[in-house]
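The values are calculated or read from the model by the stated rules, or taken from the named source; none is laboratory data. The model shown is predicted, which means the values in this text are computed figures rather than measured ones. Here the Cβ is made from the backbone with ideal geometry for all residues, glycine too, and neighbour counts use every protein chain on show.
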Amino acid sequence: MPSFDDFTKELSGEIKDLVQKNWKDLSAQATEDAGAFLTQSQDDLKRWTQLLAQKQLTLRDFEFLLAAKKDVAALTALKRAGLAQVQLDRFLAGVVGAIINSAAKIFPSA
């Protein structure tokens, strides 16, 4: 059965790709903020991915739960860098997309 460690390894690669493709000029700040969001969400992500692995949660449910979680993201490093709210929202949507893509790859039958 896939584990949370499998998920975090996949997610790490997804986040690196996201930062390199879309936020290269602000890679340090983007990496810092993505890491902070993931740390802040870690307990929930562990619980939710365990439920995905046990097929007690669908990927659609996972997406819904994650969408609610993104409202608490601080993104302080990118704000200090002067990004507008539209850019911050775009970045956060990319991070959430990376989380969902990683979950779909690691827990494909969820």
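You will find that of Leu51, Leu57, Leu45, Leu78, the residue that is of a type in the set (A, V, I, L, M), surrounded by 12 or more Cβ atoms within 10 Å (Cβ to Cβ), touching a helix residue (DSSP H, G or I) at 6+ places or on another chain (Cβ under 6 Å) and within 13 Å of Phe107 (Cβ to Cβ) is Leu57 and no other. Considering (1) farther than 17 Å from Phe4 by Cα; (2) of a type in the set (Gly, Ala, Ser); (3) assigned to a helix (DSSP H, G or I), the lone condition that Gly35 does not fulfil carries the number (1).
For the stretch 24-42, the criterion of a residue being among the basic types (Lys, Arg), without any contact (Cβ under 8 Å) to a residue 60 or more places away in the chain and surrounded by 14 or more Cβ atoms within 10 Å (Cβ to Cβ) is satisfied by no position. No other residue among Ala103, Ala110 is among the aliphatic types (A, V, I, L, M), modelled with pLDDT under 90 and under 22 Å from Asp6 (Cβ atoms) apart from Ala110.
Contact map, the stretch 77-91: first residue without any contact (Cβ under 8 Å) to a residue 40 or more places away in the chain, second residue among the basic types (Lys, Arg), Cβ cut-off under 8 Å, separation 6 or more or different chains; pairs are Leu88/Lys79.
For the stretch 64-76, name all the residues that are touching a residue at least 40 places away in the same chain (Cβ under 8 Å) and assigned to a helix (DSSP H, G or I). Answer for the stretch 64-76, where residues must be touching a residue at least 40 places away in the same chain (Cβ under 8 Å) and assigned to a helix (DSSP H, G or I): just Thr76.
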